[in-house]
1. V287 versus (1) open to solvent by less than 20 Å² (accessible area, probe 1.4 Å); (2) at pLDDT 95 or above; (3) not hydroxyl-bearing (S, T, Y): which is the lone unmet condition?
2. In the set G121, G88, G130, which member is within 16 Å of the ligand (Cβ to nearest atom) and of a type in the set (G, A, S)?
3. Restricting the search to region 25-52, which residues are of a type in the set (D, E) and modelled with pLDDT of 95 or more?
4. So which of V35, V40, V64, V21 is more than 20 Å from R124 (Cα to Cα) and within 16 Å of the ligand (Cβ to nearest atom)?
5. Restricting to region 49-61, name every residue that is more than 16 Å from the ligand (Cβ to nearest atom) and surrounded by fewer than 19 Cβ atoms within 10 Å (Cβ to Cβ).
6. When region 375-413 is examined, which residues are found to be among the hydrophobic types (A, V, I, L, M, F, W, C), within 18 Å of K365 (Cβ to Cβ) and open to solvent by less than 20 Å² (accessible area, probe 1.4 Å)?
7. For residues in region 231-251 being under 24 Å from S54 (Cβ atoms) and open to solvent by 30 Å² or more (accessible area, probe 1.4 Å), which is nearest to the ligand (Cβ to nearest atom)?
8. Can you tell me which residue in region 94-105 is nearest to the chain's Cα centre (by Cα), limited to those that are buried (at least 24 other Cβ atoms within 10 Å of the Cβ) and away from the ligand (no atom under 16 Å from the Cβ)?
Amino acid sequence: MTARAGRTRLRWGGATDVGRVRTDNQDQFVARDDVGLWAVADGMGGHRGGEVASEIACDTLARVFDHHTIDGLVGAIEQANTAVYRAGAGDPELSGMGTTVVALAVVAHDDDELLALANVGDSRGYRWSGGDLDQLTTDHSLVADLVREGSLSPDEASVHPQRNILTRVLGVYEDVPVDAFAVEPRHGDRYLLCSDGLYNEVPEDRIATVLRRVADPTDAADELVRLAREGGGRDNITVVIVDVVDDGGRAESASAALAGEPTRAVPAAGGPRPSPAYADDGSAGRVVRQRRDATPAEDRYAEDDNDVEDASRQVSRRRRRLTWRVIAFILVLLAVVGGALATIQWYGGSGYFVGLDGDQVAIFKGRPGGLLWIEPKLVEVSDLDIDRVPEAPRHDIEGGKQQPSLEDARRYVANVSERADELDPPTTSTTTTAPTTTTTLAPPGLPGATPASTPA
Ligand code: MN
């Protein structure tokens, strides 16, 4: 499938699949090669909510995207937010439904063409270029925040039980900040839009391998879906691949002019005059667009309303709506604040880690270093002195080695203790000349790791 666009030629393929566990597919994708717009939405919400949310978002995007700029794309996503929000507010069965969205669009910029990417939530946009796969979008999720703060490693995040908690969703609030930026289309680059059902099941290096090996975008999308199912298929899986088949000679002229050009950053708007609405985040190949100045919600609703009504009726209706909205807002705010406090309390007090009580290795309940007002609680102190612990685990323990359960923490301590004994055997009366029996030690901290024996 080949897409039009002035000098840029694109080819795309997409696939969506319910997976192997869920009974319905709440994912959805848009592919409008006639206008140069692709998007993936991953809906959430009980009953039919998730399905409806992603469907409304996709339909709205496809219908309203006609202004081919970054702003036009952001505006279309904001309208999709409004559409989902209003549908949810008007139907108790659908209330609270929401959806992620990640979109790619061909946009005009200074007589040139760029590819704009925009997202809300944890559906991702990647670029595969010259063998490397880069995640271009930033996830709006709890674990992504923790990784950014440095309190979670990307590996820990990818298996974290709360990895599906989103910090931004389309359709849940009246307004939503949209991240957007633009990149230059280069011949041979492949763009991948996907829901978390893909990247939670298929490691990025395998995704990259498929993009390198399978040239046809439809075949590649099918192959990625197959791998996600093979990996467990615990969620709905959606993949859209957009290939740059012709960039109008841009790649050649650019590489001639700028051998070793470090980034592909493209000013997002305002041409030569830097616009205060945009801020370069300094990362390679992208310009992050900050949230657009909020239009007063009432004005936006007024703009969107096509109802033919006389002015006075409209005004009184709007007032009534405003009162209800204020009450609803306060209720939602209370619920959100209460929910957030409960989540923090639960999160801060849950889990175990192996740390230090003085010089002794000890097990604590809670988070290393504590979380806000929640201090870790000492559960038990082992008789292992930190000075006897080998270098690598010592470092982990000093920083607080997180463990999913008390049992795992105990196993970890036993394991480390055994390694310490091997390196520096405790003085005992038993003979040391007997041949040592081979013991296989699982690496510490691996779930399911079992020490060969438990020290007395
Ligand atoms: Mn999902």
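1. For V287, the failing item is (2).
2. G121
3. Those that are of a type in the set (D, E) and modelled with pLDDT of 95 or more: D27, D42, E51.
4. V21
5. D59 - this is the single residue of region 49-61 that is more than 16 Å from the ligand (Cβ to nearest atom) and surrounded by fewer than 19 Cβ atoms within 10 Å (Cβ to Cβ).
6. I397, A409, V413
7. Among those residues, the one meeting the criterion is R234.
8. Step by step, filter region 94-105, then rank; the result is A103.
The values are calculated or read from the model by the stated rules, or taken from the named source; none is laboratory data. None of the values given here were measured: they were computed from a predicted structure. Using ideal geometry, Cβ is built from the backbone for each residue, glycine included, and neighbour counts are taken over all protein chains shown. When the accessible area is computed, the model is the full protein with side chains, heavy atoms only, and any ligands, DNA or RNA have been set aside. Shrake-Rupley method; radii C 1.70, N 1.55, O 1.52, S 1.80 Å.
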